[in-house]
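Worksheet for the structure shown next.
The values are calculated or read from the model by the stated rules, or taken from the named source; none is laboratory data. Remember, predicted model here, so these are calculated numbers, not experimental data. In this analysis, Cβ positions are derived from the backbone assuming ideal geometry, glycine residues included, and neighbour counts consider all displayed protein chains.
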Amino acid sequence: MAVLSRWIPSRARTSLRTRFDSLFCKRGMELVRLGNENSWTILPRNLVPGSEVLSGGAGNDISFELDLANRFGCKIAIFDPSPTGLRTAKMIPIDCSNINFYPIGLAKATGSQRFALPLKPDEGSFRIPDQGETSLNFPCVDPIQAMKICGFSALALLKLDIEGFEYGFIDALIDSEITPPQIALEVHHFLPGISISRSIRLAVKLRSRGYRLVHKHRYDLLFVHRGGT
């Protein structure tokens, strides 16, 4: 990447990246992009009032979740144990009964998990730690426990932006036999200690469970189950 940055102009890199991403985009699907700063591309056709959405990671922006609640009437549970997430949760309007926030993380196993400090303090993303990094402990739950906590029974959409914890959470999700029709997630092989091979293995595991990749934008991926199209 450093070599590309040195020899290829920024505009050309953007063009190459867009062309590469387009190889993974399924044509003919009525996808929509929701949210502002942290926007996500999803398939809206199966979202109706009361559809259950599990959202991992609030970050600095919950405009995506607000769009889901306002446009489709979805019931949304946001999980984020970090100080950043706690601050962002205060942006949920008082009269918005469709969104509930839980100061808990999503991970492969239920219990206390180590989180490294943000690489960019202003951005505030607490993340899975590399070896030897200073860390804090936050409570986390696995997919089954998350569903129990928020009282969900049948997910319509799973969104994950959980800074490296998505790999373990997806493993646990597959083992749990919980099968959301669509999964929107960000992979984090750009973080310290995470190789791109982990993201490739994640995609292969999802494909083996009936999911296909229908959209890619940089590190953001949308997988749709064969029964959900």
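A few notes on this one:
- Pick from segment 191-224, criterion surrounded by 15 or more Cβ atoms within 10 Å (Cβ to Cβ) and of a type in the set (Ser, Thr, Tyr), ranking: nearest to residue 34 (Cα to Cα): 211
- Of all residues in segment 183-220, those being in contact with a strand residue (DSSP E or B) (Cβ under 8 Å, 6 or more places away or on another chain), of a type in the set (Phe, Trp, Tyr) and closer than 16 Å to residue 165 by Cβ number 1.
- Search result, residues across segment 204-227 that are under 13 Å from the mean Cα position of the chain (by Cα) and part of a loop (DSSP other than H, G, I, E, B): 219
- Among the residues making up segment 139-166, a single one is part of a helix (DSSP H, G or I) and under 11 Å from the mean Cα position of the chain (by Cα): 166.
- Flag for residue 47 being in contact (Cβ under 8 Å) with a residue 40 or more places away in the chain, touching a Ser or Thr at 6+ places or on another chain (Cβ under 8 Å), surrounded by 14 or more Cβ atoms within 10 Å (Cβ to Cβ) and farther than 27 Å from residue 124 by Cα: no
- Per the listing 70, 46, the residue uniquely of a type in the set (S, T, N, Q) and not in a loop (DSSP other than H, G, I, E, B) is 70.
- The set of residues in segment 206-225 being of a type in the set (Phe, Trp, Tyr) and in contact with a His (Cβ under 6 Å, 6 or more places away or on another chain) consists of 211 alone.
- Being under 23 Å from residue 40 (Cβ atoms), crowded, with 20+ Cβ neighbours inside 10 Å, of a type in the set (D, E, K, R) and touching a Leu at 6+ places or on another chain (Cβ under 6 Å) is a condition met by no residue of segment 142-164.
- Of all residues making up segment 169-183, the number that are surrounded by 20 or more Cβ atoms within 10 Å (Cβ to Cβ) and not polar (S, T, N, Q): 7
- Scanning segment 97-138 for residues that are closer than 11 Å to residue 82 by Cα, free of Cβ contacts under 8 Å to residues at least 60 places away in the same chain, in a loop (DSSP other than H, G, I, E, B) and out of contact with any Leu (no Cβ under 8 Å at 6 or more places or on another chain) yields 104, 118.
- Filter result for the condition that a residue is crowded, with 16+ Cβ neighbours inside 10 Å, in contact with a Gly (Cβ under 6 Å, 6 or more places away or on another chain) and at pLDDT 95 or above, over 106, 66: 106
- Failed condition for residue 169, given (1) closer than 21 Å to residue 146 by Cα; (2) free of Cβ contacts under 8 Å to residues at least 60 places away in the same chain; (3) of a type outside the set (Ser, Thr, Tyr): (2)
- When residue 88 is tested against (1) more than 22 Å from residue 220 (Cβ to Cβ); (2) surrounded by 15 or more Cβ atoms within 10 Å (Cβ to Cβ), just one condition goes unmet, and that condition is (1).
- Here residue 40 does not fit the description of being modelled with pLDDT under 95 and of a type in the set (Phe, Trp, Tyr).
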